[in-house]
2 protein chains.
Amino acid sequence: MPKIFSVIMAGGVGTRFWPRSRERFPKQFLEIVGSGSLLQKTLARFGPLADKRQTFVVTNAVQAEAVRTQAPDIPNENILVEPVGRNTAPCIGLAASWIRRLDPDALMVVSPADHLIEDDEEFLRILKLALRVAEEKDALVTIGIKPTHPETGYGYIQSAEEELDQNPYRAEGVYRVKTFAEKPNLETAERFLSSGDFFWNSGIFVWRAGTILKEIELHLPELHEELLTVQKSIDSPNYQQVLDLAYGVIRSISIDYGVMEKAGNAFVVRGDFGWSDVGSWDEVVRVTPKDGEGNSLKGKVIVRDATNNFIDAGNKLVAAIGVKDLVIINTDDAILICKKGESQEVKEVVDYIRRKQMNEFL
Amino acid sequence: MPKIFSVIMAGGVGTRFWPRSRERFPKQFLEIVGSGSLLQKTLARFGPLADKRQTFVVTNAVQAEAVRTQAPDIPNENILVEPVGRNTAPCIGLAASWIRRLDPDALMVVSPADHLIEDDEEFLRILKLALRVAEEKDALVTIGIKPTHPETGYGYIQSAEEELDQNPYRAEGVYRVKTFAEKPNLETAERFLSSGDFFWNSGIFVWRAGTILKEIELHLPELHEELLTVQKSIDSPNYQQVLDLAYGVIRSISIDYGVMEKAGNAFVVRGDFGWSDVGSWDEVVRVTPKDGEGNSLKGKVIVRDATNNFIDAGNKLVAAIGVKDLVIINTDDAILICKKGESQEVKEVVDYIRRKQMNEFL
């Protein structure tokens, strides 16, 4: 069996967790649920699959220091620092280039650093199934989540119709991919949900490093050329300079759009392990335990006649009287008070802050 | 015409403006509406009536420093520091003792430091009318506010039925007092309101210093005895010691309950000058100007889809999304988020803080 590498993508710049998340300290570094940041939880989750030397974290210059601080066990050379974020295809290509160089047959699992998974054991079982498929079929395998509601914030994957004799893995929840679909509107999402053959795109991928690089060569030849140049310079003293030059010309493109949609040998493995991309405060509220009044309270909080609130008091005392369905987040320099169900508007607040150049709050 | 003295009672220990008001910094020192604290507004209001040397501020040891800081123009000897608060009768008696000593015929106007009055000019007109009645009739005069709703948070004054030939001042809105009533329940308050002969007790009084001391002698002889002892020591080096001893035995009692209810010569002057005791955040909200969305915003505040909120951001940035009818107060160490109409519960929160001995937040 070839070596297994895990690649954690930790370059997100999400603004949806303002005021907790900031430009230099985005979601993956936050202790959103329970103890440990999302990045730390992700690293722990992959621990049983690949040891530290076979774990890569891809991040960017602004966040590299936070990654090193939060992941002190990961060897420094395994923290790949992109000069600038260029979406997932270059990120994955860079990691694959490093990994293929270490082991031409290596399998790799790619995962965002900022998702939440409730059942780590089941998650590992699914990953092992996906690794088997990736190895045996030399396939690009993605993990699909069975949708529970017509979510408009996720991409979708449609599975193809096949007979069991064409694809014996079908019995284990492994399907050939028919199409990838961008984030739908509500009507389309409802159609996806009722059709039964659509999955949420978790952004978690499994493949041979060599296979994804071959597919990048096929569908994104310019990127592949830059990656080759970078790979050749890995051991040279001018690696950083080569990398900077490469990222100066590499265009921003997602692996889904740039490769997966065009690949002939893509599979989706159905997963059901309590996945959430925790993409908004509302999603955090959903996955956080609540007390008898439906409140989730963190820090010094006094409530009276208050129900179904999510309150993080930060370093202050918060008193909440007569309020319900609120998300209240106190940080060192800013406070958010948001009605539940409207946390997508946080992004608009951050945009407003940017427009007004109140940069100290970004 | 005898000299007119104003006496500002600034010893309030209100907890209803937590977290802005604190034990050492109660409501009268806060900039609740517009610029200047309530104490400073009160002093300015009385400026045209009595000059600084004829203005006394009665406070207590804990708050004396704040009074001196906020009222630097008031001569230090005019700031009377009670060793401990004993409600309004001792406070007024002490001030009257000082004033009678300066001028045996002096008239005095007594007012709490923490009320809000919109129409200062009309207020002064009413005070002058009250001063005339107090002088001519040697009466105890109180200012009554025409009630606009069945408020349960105020005391009430009932006016007596009289013919104009018995009381020609009646034409100017001056009535003999029939009874004083404590804070009523809602049913009683509604009855008071519909009866038409009840006024809110503003806690503002006008009388000769000598007259109120004579009434104290009659109805609170023990207090009067202590006050005489104190008065005799005013110029002596052991004044403070005498005062401390006196306040050690003086019992806590209000001027309404201890004197006014029993006095034979009490009048109420009807006033209509935009009076508010600003006794809660809800009352502050009521008297604060609002923008087109019904919001009152102070400091750095970003609102989206938010209406009818009162937000004081303190030294942070506050973002409010999708919320309505909230009072949000940020201070250095605590944040209040309170549904409008429930701000009377703030007192309960402070009681809770006290019970839990979280003294740093008191």
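The values are calculated or read from the model by the stated rules, or taken from the named source; none is laboratory data. Note that the coordinates shown come from a computational prediction; the quantities given were computed from them, not determined experimentally. As a convention, Cβ positions derive from the backbone with ideal geometry for all residues, glycine included, and neighbour counts pool all protein chains shown.
Structure values in brief
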| item | result |
| --- | --- |
| Residue in the range A:118-145 that is nearest to A:P184 (Cα to Cα), counting only those that are within 17 Å of the chain's Cα centre (by Cα) and assigned to a loop (DSSP other than H, G, I, E, B) | A:E118 |
| Any hit, the range A:346-354, residues being part of a helix (DSSP H, G or I), more than 11 Å from every other protein chain (Cβ to nearest Cβ) and not small (G, A, S) | yes |
| Count of the range A:209-243 residues which are touching a helix residue (DSSP H, G or I) at 6+ places or on another chain (Cβ under 7 Å) and part of a loop (DSSP other than H, G, I, E, B) | 3 |
| Filter result for B:E215 (of a type in the set (D, E), closer than 26 Å to B:L80 by Cα, in contact (Cβ under 8 Å) with a residue 60 or more places away in the chain and away from chain A (no Cβ under 12 Å)) | yes |
| Scan of the range B:182-208 for residues that are basic (K, R) and in contact with a helix residue (DSSP H, G or I) (Cβ under 8 Å, 6 or more places away or on another chain), ordered by number | B:R208 |
| Test: residue in the range B:268-280 that is more than 14 Å from chain A (Cβ to nearest Cβ), closer than 25 Å to B:K27 by Cα, assigned to a helix (DSSP H, G or I) and in contact with a strand residue (DSSP E or B) (Cβ under 8 Å, 6 or more places away or on another chain) | no |
| Any pair with Cβ under 8 angstrom, 6 or more apart, that starts in the range A:85-96 at a residue that is on the phi > 0 side of the Ramachandran plot and ends at one that is not in a helix (DSSP H, G or I) | A:N87/A:S252; A:N87/A:I253; A:N87/A:S254 |
| In the range B:51-73, the residues that are in contact with a strand residue (DSSP E or B) (Cβ under 8 Å, 6 or more places away or on another chain) and modelled with pLDDT of 95 or more | B:Q54, B:T55, B:F56, B:V57, B:V58, B:T59, B:V67, B:R68, B:A71 |
| Residue ranges of helices (runs of 4 or more DSSP H) in the range B:20-113 with at least 3 members buried (at least 24 other Cβ atoms within 10 Å of the Cβ) | B:38-46, B:88-102 |
| Count - residues of the range B:1-52 that are of a type in the set (A, V, I, L, M, F, W, C), under 18 Å from B:T331 (Cα atoms) and touching a residue at least 24 places away in the same chain (Cβ under 8 Å) | 6 |
| Selected residue [of a type in the set (G, A, S) and either more than 14 Å from chain B (Cβ to nearest Cβ) or in a helix (DSSP H, G or I) (or both)] from A:G258, A:G299 | A:G258 |
| Test result for B:N315, in contact (Cβ under 8 Å) with a residue 12 or more places away in the chain, on the phi > 0 side of the Ramachandran plot and either within 14 Å of another protein chain (Cβ to nearest Cβ) or crowded, with 22+ Cβ neighbours inside 10 Å (or both) | no |
| Matching residues in the range A:305-345 - criterion: being assigned to a strand (DSSP E or B), touching a Leu at 6+ places or on another chain (Cβ under 9 Å), under 18 Å from A:E293 (Cα atoms) and not aromatic (F, W, Y) | A:I311, A:D312, A:A313, A:V318, A:A319, A:A320, A:I321, A:L326, A:V327, A:I328, A:K339 |
| Residue in the range B:3-14 that is surrounded by 21 or more Cβ atoms within 10 Å (Cβ to Cβ) and in a helix (DSSP H, G or I) present | no |
| The lone exception for B:I234 - which of (1) surrounded by fewer than 20 Cβ atoms within 10 Å (Cβ to Cβ); (2) aliphatic (A, V, I, L, M); (3) in contact with a Pro (Cβ under 6 Å, 6 or more places away or on another chain) it fails | (3) |
| Given (1) farther than 30 Å from A:N167 by Cα; (2) of a type outside the set (K, R); (3) in the same structural domain as A:K137 (by TED's automatic domain parsing), index of the condition A:G292 fails | (3) |
| The range A:327-345, subset more than 7 Å from chain B (Cβ to nearest Cβ) and surrounded by 20 or more Cβ atoms within 10 Å (Cβ to Cβ), residue nearest to A:D282 (Cα to Cα) | A:S343 |
| Subset of the range B:249-274 (residues that are within 25 Å of B:K347 (Cα to Cα) and either acidic (D, E) or crowded, with 22+ Cβ neighbours inside 10 Å (or both)) | B:I255, B:D256 |
